[in-house]
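Rule-based calculations on the coordinates, nothing more; no lab input. Source: prediction; values computed, not measured. Glycine gets a Cβ as well: all are built from the backbone with ideal geometry, and neighbour counts include every protein chain shown.
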Amino acid sequence: MFELFKLLGNKRLFVLLVGLVTFIALMGFTLSPRTTLSWPEKFLKDSVGFVQYVFYKPASYVAGFFKDVANMRTVYDENEELRIAMGHYTRDRLKYNDMEQVNEQLQKALNFTEEQKNRYNYGSRIAQVISANSDPNSRTINIDIGENAGIKPGMAVTSQEGLVGVISHVSSYTSTVNLLTSMDANDPTSNAIAATAVGKEKVFGMIESYDPKTGMLKMTKISEDSNIKEGDEIISSGIINNFPKYMRIGEVEKVEVGEYGLTRTAIIKPYASFLDWKELIVIIPPEVKE
C-alpha cells in the first residue's frame, strides 16, 4: 500500500481512484436485473420510505380534505344510489349463497382436492401509499407494507376502481409497485396480463402495453372469430404467472384489426385513474402446498 501511495505521489488521487472503482462496481451491481434486494438496499429503502411517509401523508390528507369538501354536493346523490345498490346486493346475496351451497356439494361429489377448492380463495391487505414516482420512464409507487406482512414480488395491486399494477420489489416494511402505465411490449422485463371479457368465454388476449398519449391499454392476440366489442368489461383470466382471476381492468373503447389482419386488437380504457391514491389493496394468493 505504501509503495502504491509513493507511486501515485498523491493520497487524494488514490482515494479518488478507489472511490471511482467502488462507484462503478456498485452501479453495475444495482443495475443488473434482479428479483430481490440486498440487505443494504432494503435498509435504505425502508429508511427512505419512512421519511417519505412522514412528509407525504400529511400533504395527502390536506389535499384530500379540500377535495372532500368540494365533493359534498354529490353525497346525497351517491346515498340514493347506495340505497338502490343495497337492494340489489340483498337479492344477489341470496342467489350467491344458494349457488355456493350447490358448488360445495358438487366439489364433494367430484372429490376435489384442497388445492382445487382454495385455488381462487385470494386474501387481501390494505396498504397506504407513501410516495409516487412521476418519472415517465419508471412509473412506480411505494406502499407501507413489505415482507413482514407476507408481501412478495408478483402480487397484484388494485384500487377500488380496478387493477393498478404488480409488486416488483419488496423490503422488510415497504414495497414497490410497477403501475400498468409502465407496460411496454418492447420491454422484456414488462409482464403481460392474460385477459378475457366478462360473459364471453371465446374472448382471450394479452394486455402488453400502455399508451401514455391516449391513456389507453392495448389488448392484443385476440382471435379473429371472437365476439369482443365496444363496451365489454375486461378482466384478468388468471391462466398465466399465477396472476389472480377476475381482476377488473377496464372497458373496451374500440376494436381494431390486428397485425397481419389475422387477429384483433382491443383498445381499453382502464378503470383505475392512477391519480391521488391514499389506499390500495394487495391481493394475496392462497398458499399451495408442495
Please say if region 152-261 is rounded, prolate or oblate, where rounded means a/c under 1.5 for a ≥ b ≥ c the square roots of the C-alpha gyration tensor eigenvalues, and otherwise the choice is prolate for a/b larger than b/c and oblate otherwise? prolate
Under 15 Å, Cβ to Cβ, from residue 269 - net charge with Lys/Arg +1 and Asp/Glu -1: -3
Can you run phi through the Karplus equation (6.51, -1.76, 1.60; θ = phi - 60°) for region 223-229 and list ³J(HN,Hα) in whole Hz, with x for Gly and Pro? 4, 4, 8, 6, 9, 5, 8
Set 245/278; 202/278; 245/269; 200/278, cut-off 31 Å on Cα-Cα distance; pairs above it are 202/278; 200/278
Say a paramagnetic label sat at a point 7 Å from the Cα of residue 124, along Cα to Cβ; which residues of region 160-187 have their backbone N under 13 Å from it? 160-164
Going by amide H atoms built from the backbone, whose H comes under 5 Å of the H on residue 162, apart from near neighbours? 272
I'd like to compare 209-215, 152-158, 77-83: which one has the highest average count of other Cβ atoms within 10 Å, and what's the full order after that? 152-158, 209-215, 77-83
Could the peptides 221-234, 97-110, 164-177, 192-205 be put in order, highest first, of the mean number of other beta-carbon atoms found within 10 Å of their residues? 164-177, 192-205, 221-234, 97-110
